[in-house]
Amino acid sequence: MENPWTILSEKLVYDNPWISVTEFDVIQPGGGKGIYGKVHFKNLAIGVIPMDEEGNIYLVGQYRFPLNQYSWEIPEGGGALSVPAIDSAKRELQEETGLTASRWDELITLHLSNSVSDEYGIVYLARGLQQGKASPEETEDLQVKKMHVEEVYQMVINGSITDSLTVCGILRLKLFLHEENSGISK
C-alpha cells in the first residue's frame, strides 16, 4: 500500500546513544497539515524466556525508571543492529540470570509501539539451561525468580505482568507449547 503521509520537513530534536527523536511537518492522510514525532531506536529489543525441563520460567524483577514502578519480566534488553539477534539474546540471558542454553527457538517478532516508534523486538525461548554467574549492567539491580509457566501465564492474564515483550512472549509460548505437544508444525 502506498504511504498516504506527505513529509514537508523533518528536524532532529533529540539524540543519544540509544534513541533519536525526529519531528516531522506533514500533510496527514486526510489532507490537513500537522506534526508527527518519531522515536527511532538504535538497538533491537530482545527478550528471552528461559524454561527448564519442569516447565519453570526464570523472571527478572527490576525497578523501571520510566514507569516509576517495579516490574517482573522475562530477561530482556537491547541488541546492536549489527549483531545477530540470537547472539544478543544469549548475552542478555547470561548477563541477567547467569544462564546459558543449548536450544533456542524464535517465538515472536513485534513492533513495540508503532504509533510513535520504530522499535522492533524478538522474543526467544531458551531451553537446555545451565546455571553460571550473572553479570548485570551497572544500571540494573535485578532479582531473579523461578516460577512455573502456568503461574507466569496467570500473572499475564490478571495484569500483574504488563511488560510488552513478556506479555507477547508468554502468550506466544503457550501456543508454541500446545503446537509442540500436539505435533503441529509451525
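The values are calculated or read from the model by the stated rules, or taken from the named source; none is laboratory data. Small disclaimer: the values here were computed from a predicted structure and weren't measured. Note that each Cβ is placed from the backbone with ideal geometry, even for glycine, and that neighbours are counted across all protein chains shown.
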Residues within the stretch 151-186 that are among the hydrophobic types (A, V, I, L, M, F, W, C), over 19 Å from the mean Cα position of the chain (by Cα) and assigned to a helix (DSSP H, G or I), tallied: 1
Filtered residue count, the stretch 83-105, keeping only those that are loosely packed, with under 12 Cβ neighbours inside 10 Å and either among the β-branched types (Val, Ile, Thr) or assigned to a strand (DSSP E or B) (or both): 2
Given (1) without any contact (Cβ under 8 Å) to a residue 24 or more places away in the chain; (2) in the same structural domain as MET51 (by TED's automatic domain parsing); (3) not in a helix (DSSP H, G or I), number of the condition ASN114 does not satisfy: (2)
GLY121 in contact with a strand residue (DSSP E or B) (Cβ under 9 Å, 6 or more places away or on another chain), over 19 Å from LEU171 (Cα atoms), of a type outside the set (Lys, Arg) and part of a strand (DSSP E or B): no
Members of the stretch 165-186 found to be hydroxyl-bearing (Ser, Thr, Tyr) and crowded, with 17+ Cβ neighbours inside 10 Å, listed by number: THR166
Residue within the stretch 132-150 that is touching a residue at least 40 places away in the same chain (Cβ under 8 Å), surrounded by 12 or more Cβ atoms within 10 Å (Cβ to Cβ), among the charged types (D, E, K, R) and in a loop (DSSP other than H, G, I, E, B) present: yes
